[in-house]
Amino acid sequence: IRMVLIGPPGAGKGTQAPNLVEKFKAAHLATGDMLRSQVAKGTPLGVEAKKIMDKGGLVSDEIMVNMIKDELLNNEACKNGFILDGFPRTIPQAEKLDQMLAEQGRPLEKAVELKVDDELLVARITGRLVHPPSGRSYHTLFNPPKKEMTDDITGEALVQRSDDNADALKKRLQAYHDQTEPIVDFYKKTGIWAGVDASQPPTTVWQSILKALGKN
Ligand code: AP5
Ligand code: ZN
């Protein structure tokens, strides 16, 4: 499958992506995870990106488009399809992506929007714990790890993301409504959009995604 997951911070993009990877054997391309790995390595891009991410802003379209282009061209795992998580996030990114995929003769098949009201997102974001190497996320209340602060699979430590605080979240939500939500209309026009109620529990959301993809 070749698809995009759209949704505000905390909508469940990173939570649902592994289900899609398992079902379709496709690659999970999460631009936020890619940026955080640059931050962890301390690269020049990581240093610059961290300043923007911690304030809840968006990294430039040029940097993000090149990052995804590189993955789509060079990541073998994408041959069998891909799930884009966190990209595109602006109209210019969406246009560039369409252009890129048209050149490669493999257009997007679906854009799934995970819809949740802002009020629900604060609790999801402030309770989130992540395993940085894999991008797996947990929640202190809604999806606790088997052992406190420990990844279920590797046994490694879980951490809180530096942008998961009420202040940065406010800015991330604003960036979502102002700059990312317009891509919903973009995909409605091209006819590949499907909306899902993502305020339900994770297993219910997963069933709705399968239904939206016509695969249930
Ligand atoms: P990114 O990492 O993409 O962050 P985000 O979009 O803010 O999304 P989140 O990762 O916060 O939410 P999610 O939907 O993945 O939620 P999750 O499944 O973890 O980007 C970070 C930053 O990088 C951006 O702010 C920007 O600066 C930069 N960036 C990235 N891409 C960019 C781009 N293309 N252009 C420019 N800048 C870019 O779930 C959240 C929590 O809720 C978890 O604890 C989970 O366990 C829980 N949960 C999930 N589903 C449910 C449910 N159904 N019920 C109850 N709890 C649930
Ligand atoms: Zn995420």
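The values are calculated or read from the model by the stated rules, or taken from the named source; none is laboratory data. Keep in mind it's a predicted model, so treat the numbers as computed, not measured. When we count neighbours, we look across all protein chains shown, and the Cβ atoms used for this are built from the backbone with ideal geometry, even at glycine.
Below is a table of values for the structure above.
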{"item": "Sole residue being part of a helix (DSSP H, G or I), surrounded by fewer than 14 Cβ atoms within 10 Å (Cβ to Cβ), of a type outside the set (A, V, I, L, M) and at negative phi, chosen from ASP33, ASP98, ASP70", "result": "ASP70"}
{"item": "Evaluation of ILE52 against (1) within 12 Å of ligand 1 (Cβ to nearest atom); (2) part of a helix (DSSP H, G or I); (3) buried (at least 16 other Cβ atoms within 10 Å of the Cβ) (one fails), failing number", "result": "(3)"}
{"item": "Candidates LEU5, LEU35 - the one that is under 16 Å from the mean Cα position of the chain (by Cα), more than 7 Å from ligand 1 (Cβ to nearest atom) and within 28 Å of LYS170 (Cβ to Cβ)", "result": "LEU5"}
{"item": "Checklist (1) within 10 Å of ligand 1 (Cβ to nearest atom); (2) part of a loop (DSSP other than H, G, I, E, B); (3) over 21 Å from HIS177 (Cα atoms); (4) of a type in the set (A, V, I, L, M) applied to LEU58, failing item", "result": "(3)"}
{"item": "Among the residues listed as GLY14, GLY10, GLY46, the single one being surrounded by 15 or more Cβ atoms within 10 Å (Cβ to Cβ), of a type in the set (Gly, Ala, Ser) and not in a helix (DSSP H, G or I)", "result": "GLY10"}
{"item": "Test: GLY195 is loosely packed, with under 15 Cβ neighbours inside 10 Å and either at pLDDT 95 or above or not charged (D, E, K, R) (or both)", "result": "no"}
{"item": "Lone unmet requirement of (1) part of a helix (DSSP H, G or I); (2) out of contact with any Pro (no Cβ under 8 Å at 6 or more places or on another chain) for ALA40", "result": "(2)"}
{"item": "Pair list, Cβ under 6 Å, 6 or more apart: segment 153-177 residue surrounded by 14 or more Cβ atoms within 10 Å (Cβ to Cβ), other residue among the small types (Gly, Ala, Ser)", "result": "ALA168/GLY56; LYS171/GLY56; ARG172/GLY56"}
{"item": "Residue within segment 151-161 that is at pLDDT below 95 and within 16 Å of ligand 2 (Cβ to nearest atom) present", "result": "no"}
